[in-house]
Structure formats: structure tokens, C-alpha cells
Protein chains: 2
Amino acid sequence: MGYDSVSRVKSRVFKFVDESYGRYVDILGELVSFKSVAAWKSEELGECARYVADLLKERGFRVSLKSAGGPPVVLAELGSGSRTILMYNHYDVQPPDPLELWESDPFRVTARDGLLFGRGVADNKGNIAARLGAVDSLADYLEELDLRVKFFIEGEEEVGSPTLLDVVRDSLDWVKADGGIWETGYVRRDGSLGISLGFKGMLYVEIVLKGPSRDVHSGTAPLVPNPVWRLAKLLVNLKTEDGFVKIPGFYDGVSEEFLRDAEELIKKLSYEELEELKSELGLKEFVRGLTGEEALRELYTKPSLNASGVYAGYTGRGSKTIVPSLAGVKIDIRPVPGQKPEKILENLKRYLSETGFSDAEVVVHSMYPSGYTKPGEPIVRASVEAAREVYGRDPELAPLSGGSGPIYIFTDIARIPMTGAGVGYYGSRVHAPNENIRVRDFVLGMKHVALTLLNFSRLSASSPK
Amino acid sequence: MGYDSVSRVKSRVFKFVDESYGRYVDILGELVSFKSVAAWKSEELGECARYVADLLKERGFRVSLKSAGGPPVVLAELGSGSRTILMYNHYDVQPPDPLELWESDPFRVTARDGLLFGRGVADNKGNIAARLGAVDSLADYLEELDLRVKFFIEGEEEVGSPTLLDVVRDSLDWVKADGGIWETGYVRRDGSLGISLGFKGMLYVEIVLKGPSRDVHSGTAPLVPNPVWRLAKLLVNLKTEDGFVKIPGFYDGVSEEFLRDAEELIKKLSYEELEELKSELGLKEFVRGLTGEEALRELYTKPSLNASGVYAGYTGRGSKTIVPSLAGVKIDIRPVPGQKPEKILENLKRYLSETGFSDAEVVVHSMYPSGYTKPGEPIVRASVEAAREVYGRDPELAPLSGGSGPIYIFTDIARIPMTGAGVGYYGSRVHAPNENIRVRDFVLGMKHVALTLLNFSRLSASSPK
């Protein structure tokens, strides 16, 4: 396809999206009306999967539903070109709680002041609808572009995708693609699209220490050992006063290649958004007073260890006097590329043992490694160029999200380089009440995906294989 | 009254109790049927108070109801002798939760295998009923005994008696008495009656540390300070590894006289019951491996500091990934006689400040000093002698309960020496499902209180004033 043809297709795509985006807002409305809350194991998960499957079938996709014990995964494929792109999404959503804080029905898309409200509009149903629109805008040209488009849409992302690995392994040949688009991307305050080239991994453990066999009246406290004091000691042992993790080897094993790529990207990243986060959270300073490039490096290249929750004894209102039977902490550890969570878990257990806590019970809630894509990959260049054109400025490419996701299943197991795209923005209140997107980001997001597909076909064709 | 008369009264008392205790079990049944749960601020609190008042009026008591904002306190007085004894009780009870663990309706006295089940049968309605029976058994002799009997029955003991001090201060002249009987006493495994000559005080504080202004996704954990680490440090700072409290002055100010009295009592106390507690709780050893007299001394004469609850972030099932906005600990401190809780609070706050926690919020939930009665007081000698006769062995006199109670309002403000008596036993499951008493302890408890009254009048008459 020559430059003229590309230019012609591009203008048709823009025209299509500008004229037709309302139809995809309607589809988003249908999607949001399903209470497909993964945590509820709702029957509407299956109904939503079938609705998505029908939408794809209507467009000529070859569709199958796969399951490895969880809600069905929708696998759909259109076109027969030699270049394949795979889009990952999920039709499940977080619970809407606390309901009383919503200003409209979470399961009904409500438009107000250029915004669309509803559970899942940003995470992730809005992206499903926009990507359908993007594919529709290109449908007539797929053959000409020599492109094959796949959707992989799962239904338990919000509970940690427990069976995703099994589904991908079972369908590994089908899943393979030359490039992929991850579930989201968010428009930043400066109007640029934020794209993360990877996600940290996750090692979520709960560490429990035991005291008396039952909660006992704290009149006995002079004699009965209270597990709270040992838990406090255990926690103090995990980090230095400066916040460095003391588990031996915790910072080891990070991929040198990743660090080199990350350094290049960090030089171009803006620190401003983090400064705004700091002030929004009412913080005088970040850990160790980090700012600028140092803060970006900490956030995007270092493994982290955080206490998400601590509990012991009576935690209700007012007072109750007991020596608690248990004291526990929920810890999320986020490894970075190159690190093996199994190794970190082993080191953690050995460290606990060596510091006097061999009796600590360590329950693993989830464990997976990090995954990332090199910034020079054709799919990344395709999305960056598309973003520059659609959003009018360079996207912010982060080496990793600060958050975690099992992207390694695609990047490392199916070996698909992945990029980001998305219709949400910095104010989308993902996972919270009044989740929303801006209508204009929905339109831009649709164009961005369409152009990414277009660029990927063209760029791929001109890149060495 | 000569020895012969005392002996004659005593045998009439025993006969009366043996023939009539069933009537008082019926009264207990009526009392238990009121859902007088203080924590519920139930209307049945007032109804129960009026029922108790009516029971007393029927017996010729001069009754008034007083309130300082809480449920009414029943003040009742019978006789006009020169020696006055005051019995403290409460008609409110703990909530029955968890309901599903009860084997019968908690608000209906149910007899099974010589036991009476129901919320409040031990704490404290059973004692109200038994003491009514004791007074009835002596009613004809009060004038002869030169005795005046008072009941002080409050309705918010189970929520910490927040207005008790005000009621006593408002009625101080009425409250005054030559001796008093505290709410409970429990029969021990060896068949002896356990009497505590005092209670520790209470300083219940909640210490809260703040992090970000809201819970925030822990993807930001590399940068956002998490208050959990500081709470752990704060807790570790409060105690040595051996469990000694590090707050300066924490062990200071204990009454020398109390310590001397306590040492005498500790020599006669058995450690066995504590050994049983240790094994029941599945503990290998007590704090610092304490046993025997050392363990008794720690429990009965030392102030304690305990963490009743700790909380931060997500404490539900499974996983959630946040940097918590708050981390808090609920701490109960129990001062012993001579110690001022205000001073301990001041020292705690200064210590927090000096150790880097000047930003810690310290909320005081309750604060009152310890109170105790010297073992040589006539009322104590009266109850000890009565216990020896009724239970067939010396009672176990503990210098203090390990627990707390605002007994100082009676011992220190109204200046009434107090002793213990009660119908419960070691298996009474106070505050728990299936609260129960043994019918035989109900009978013995009734006799014990009657004999205590009888002894107090006689002993008082023969003691120098």
C-alpha cells in the first residue's frame, strides 16, 4: 500500500469515526448494562461474553469461547492477512461498591457535561466498544492492508485472571500474533496519551503470626504473649528506616536490557504528573524525599514491597479488651523484568526464618512475573506515531506501569510485543464510584487504535522480519 | 446479738435458701427476659430498671431512680440500722452475638443438667436475684442486726459505666456505707470462691498515624509513604523484646501499702489455675517464661500495656492492593493502685513525641484509676468467714483482678471498703455464647451473701470503730 492509499484510508477512518461514534456509545451502554462483576461470579458474566461474541460475529469474526474453569474467554479473528495483531480486553468489571457514592446507576451509561458515567466505561468496556469501532472503520481495507485482527477478551481480569495462563497455553497457536494492544492507556493532564510498555509482576502474600488459641480477655495480658508485638518486629525487619527492603536479594536479577531501555524512556518522561499526585495526596514529600528523575526511576524500574493491610484483634469502633489470637499483614511485592517471584518468595521465607519468625504462616494469594516490550518494537512505533497524530503530541512512554498485570503471559509466553491504547483519562476514577470517560477521549481512542492498526501493517511491511 | 442468736439466724437463713431458691431462679428468668443490652441503648434497659425497682419496692425498700444521662440507676435502701452495707450490681448485659453459637434462646433462662443458661445469668442478673434472696432470708432480723442494706444497680456497666462517677457524686451522701459487695465473684475449679479485692484501672487509647489523604493504588508504593511501617516502629518502641514497657515512669507510683498487702496474699494464692489457662490457650509459656509466684505477681500487681487491635488498609478476605491512608492501634493500659492514668497518658504522649511520632493522634476511649480494699477490712473478713463456712474452704483472695473496673468510685471517692461475692464459676462463659451458672453455685452464692451480711453486722459490732 503506497503513501497515497494510506492517506486515503486514514481520512476515511477519521470521517467514519466522527460520523459514527454514537453507535459505539450505544454498544458501550449495552455492555455496561451487564452486571459482569467477576468478584460476584455473576451469571451475567456468561451473558456478557455471549453478547460480545455476537457483536463480533455480526462483523464477520470467527468466534469461539474458551474456558479453563473461569468465565468464558472470547477468541475472535477477522481477516486473513500475513500480519496479525491481537487486542487484549476484559468484559468483567470491579464491584460498584460503595453504591451510595454513585451519582447515577453504575450499570447504566449516563451522559453529563461531555462525560459518560458507568462501571467499566474506562476499565475496560469502553475500550472494547472503541476498538470495535476502530475495526469497523478499517473493515473494508483489511485485505488490502494484509492484516489479520484478533480479539482476546477475558472475564476475570478484576480478580487476578486466575485461569488466563491455562487458556493461553491451551490456545497458544491461535493466540500468537506479531503485535498486541494491551487493555488500556490513559490520557494525561497535558493531553498526551500515556502508554506503559509493561507491567510489574505480583507476589501477594499474607503473613500470619499466632498467639493464644483464641482471643482472650486482656486482663491476662501481663502473662499471655500477644502476636502484635512480634508482627511489629517482623514488619520493622522488612525495611530500613529509609524504606529499602531488607530481604536478601530483593533488588537482584533485574534485566540489564530493561534497565537500559528504561533509562532512555525516563529521560523523556515528565515528573509533573507525580508532583500533582503528591499534592493531591497531601504529602509533604515522597519516600526519601525523591523527586524528578530519581522518583521516576524508583517508580518505573524498582521492585516494591508494600503493606496493603494489617489486622489483629478488635478493629471496630470504640473499645474491646483482648489479647488477639492472630496478627496478620497483607503484603504486595511487585517484581520488575528479569526477577522471579518464586525466588523472592523463597528469600522472604528464609529471611523470616533467620530473623526468628520460622513459625510465621505465609499464604500466597497470587504470584506472577513482570512483562514488558522494548520501545523499538514495530507495534510500539505504530502506536506512538498514531498517538502523535491523533492527540497532537508525543505520547508518554513509561517503561512499566507502577501497577501489575499478567502481561507476561502475552509478552513472554506467547511472545507478542504489546503496546497500550485507551479511552480513559487521569480523572476516570477506575475501580471507584462515578467511573467515567470523556466523550472526546472515546472518539480519539477509537481513531488511535484504527491508526495503530494501519501503521502496524505499513510499518511491519517496511520493517525487516 | 449473742452467739446463740447468730447461730439461730444462720440456720433459719440456710433453711430459707434451701426451701425457696426456686423463687429466685424464677426472678432470674424474668430479669433475663429483658433484652437490656447496654450497647444497643435498648428501651428494655428502662423497663428492666423499673422491674428491678418494683422487686425492691415489694420488699419494703425505699427506691429511687437516678440518671446522669445514661439508663436509670436503681438506688434502694432497707432498714435503719447503724451499720450500712451497699451492694453494687448492674442490670445491663453484653450483646448476645454471635447468636448462632447459642444452644438456647439467650433471653430465656434454660435449665439443662444442673446448669442455667442465658445472657446475664452470671454477669450480673444472677447476682441480683441471689442477693434479693439473701436479703429476704434476713429481712426479719435486720433491726435486730442493726443493719441497713442498700442496692446500687446501674445499667451501663457493659459499656464502661460512662456516667457512673456523676451519679455517685450527685448522690454521694446516699451512697456512703461501711462496707460494700462488688458485682461478682467466681467459684474456682477447686471449689473455693475467688474474691478480688480490687480492680486495675484503665487507660484505653487509640493511636492513629496518617499517610496519604486517601487509600491509593499501591502501584505508587515506591513513592508514597505507608503509615504501616511507622506504626510498626511505634509499637516496637513501646516494649522491650522481653515485654517490659518502655514508656518512662510506666511502672512508677505504685502504692507501697498495696504492694505489701499483695505480697501477703500472693503467698497464699495457687498458681494452678494459671497453668490451666496456659494449657487451655495452647501456649508453650507465658511472657518471659514466668511461672509460680512470679507469674501471680506480674498478673496481680503490675500495670499492663496491651494491643487489643491493630488495623490498616484492607483487612478483608483475599487481596486488594493499596497504600493505606491510616494505620491505627487500640491499646489498653491497666494502672494499679497508686498510679494516675492521667500521668501515664502524659508520659505516653511525651514518649511518642520524643521518639519521632509527634504527629500521632491519640484518642482516649476511657480513663480511670485502680481501686482496692485492704484484706483486713471488716467487710473482707466477713465475706471470707462466710465463704469458708458456705464453700467449705478458704476463698482465694486476689489483691486485684487482672481485669479493670471503676471500683475506685466506691473505694476512693465514696470511701467504701468492698469485697466480692458471686454465683458464677470458672466455666460461666461470661460475655460469650452459652453463658451459664450452676444451680448449686446459685444456692451457695445466696447463702454466702446472707452470711456476709450477718457476719458484717456482728464483726462490725465487735470491731473498734
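What follows is calculated from the coordinates using simple rules that are stated; it is not laboratory data. What you are looking at is a predicted structure, and each value in this text was computed from that prediction instead of being measured. Backbone-built Cβ (ideal geometry, glycine too); neighbour counts: all protein chains shown.
Quick notes on this one:
- Computed from phi, the 3J(HN,Hα) profile of the stretch A:294-308 under the Karplus parametrisation 6.51, -1.76, 1.60 (θ = phi - 60°) reads 4, 5, 4, 5, 4, 5, 9, 10, 9, x, 10, 10, 10, 9, 7 Hz, with x in place of Gly and Pro.
- Note on chain B: antiparallel DSSP beta bridges, both residues inside, total approximately 70 percent of the bridges counted.
- Inter-centroid distance (Cα atoms) of the stretch B:129-197 relative to the stretch B:98-112, Å: 27 Å
- When the alpha carbon gyration tensor of the stretch B:341-382 is reduced to an equivalent ellipsoid, its three semi-axes come out at 38, 10, 5 angstrom, largest first.
- Rounded tilt (10° steps) of A:3-33 against the dominant C-alpha axis of chain A: 50 degrees
- Cα centroids of the stretch A:250-306 and the stretch A:364-424: 17 Å apart.
- Measure of compaction for the stretch B:362-406 (Cα Rg per 2.2 N^0.38 Å): 1.60
- Rel. contact order, % - alpha carbon contacts under 8 angstrom, at least six apart, chain A: 25 percent
- Calculated from backbone phi, Karplus (6.51, -1.76, 1.60) coupling profile of the stretch A:265-277 in Hz, x at Gly/Pro: 5, 4, 4, 9, 7, 9, 8, 3, 4, 5, 4, 5, 4
- Directionally averaged shadow of the protein assembly as shown, computed from the convex hull of its alpha-carbon atoms, nm²: 41.5 nm²
- Largest first, the extents of the alpha carbon coordinates of the stretch B:209-295 on the three principal axes equal 60, 34, 20 Å.
- Residue by residue along B:393-405, Cβ atoms of other protein chains within 10 Å of the local Cβ number 1 on average.
- Shortest-first nm distances, B:ASP26 label point to equivalent points in other copies (7 Å, Cα→Cβ): 7.9
- In chain B, the DSSP-assigned H stretches of four residues or longer account for a calculated mean residue ellipticity at 222 nm of -11500 deg cm²/dmol, using -39500 (n - 2.57) per stretch and the full residue count as denominator.
- Order of A:VAL52, B:VAL17 under a 10 Å beta carbon neighbour criterion, fewest first: B:VAL17, A:VAL52
- Built amide H within the under 5 Å cut-off of A:GLY424, gap 5+: A:GLY185, A:VAL187
- For the stretch A:182-193, the Karplus equation 6.51 cos²θ - 1.76 cosθ + 1.60, evaluated at θ = phi - 60°, returns couplings of 6, 4, 9, x, 10, 6, 8, 4, 8, x, 7, 7 Hz by residue, with Gly and Pro reported as x.
- Two-decimal Rg to Rh for the stretch A:327-458 - Kirkwood Rh, Cα set: 1.10
- Relative to the dominant Cα principal axis of chain B, helix B:341-354 is inclined by about 10°.
- Helix axis angle, A:439-462 relative to chain A longest principal axis, alpha carbon, degrees: 70 degrees
- With N counted as the residues of chain A, its alpha-carbon radius of gyration over 2.2 N^0.38 Å works out to 1.05.
- Residues B:SER457, B:SER353 arranged by fewest to most Cβ contacts within 10 Å: B:SER353, B:SER457
- Calculated label separations, A:SER67, copies of the chain, 7 Å along the beta-carbon direction, nm: 5.9
- Cβ-based net charge around B:VAL63, under 9 Å, with every Lys or Arg adding one and every Asp or Glu removing one: 0
- Once the Kirkwood radius over Cα pairs is known for the stretch A:189-338, the Stokes-Einstein relation at 10 °C and 1.306 mPa s delivers a diffusion coefficient of 86 µm²/s.
- The stretch A:153-198: equivalent-ellipsoid semi-axes (sqrt of 5 x gyration tensor eigenvalues, Cα, Å): 27, 15, 7
- Legend: P(r) of the stretch B:253-395 from all alpha carbon pair distances, 10 Å bins from 0, whole percents, reading 9, 25, 29, 24, 9, 4, 0.
- Summing Lys and Arg as +1 and Asp and Glu as -1 over all other residues whose Cβ lies under 13 Å from the Cβ of A:ALA76 gives a net charge of +4.
- Calculated P(r) of the stretch A:111-180 - Cα pairs past 17 Å, %: 61 percent
- Put simply, the amide H of B:GLU435, placed in the peptide plane, has neighbours under 5 Å in B:GLY118, leaving out anything fewer than 5 places away on its chain.
- Proximal aspartates and glutamates relative to B:LYS374, as straight alpha-carbon distance under 13 Å, when same-chain residues fewer than 8 apart are discounted: B:GLU256, B:GLU257, B:ASP261, B:GLU263, B:GLU264, B:ASP412
- Amide H contacts under 5 Å for A:SER366, placed H, 5+ residues apart: A:TYR204
- Cα pair distances exceeding 20 angstrom across the stretch B:4-151, given as percent: 52 percent
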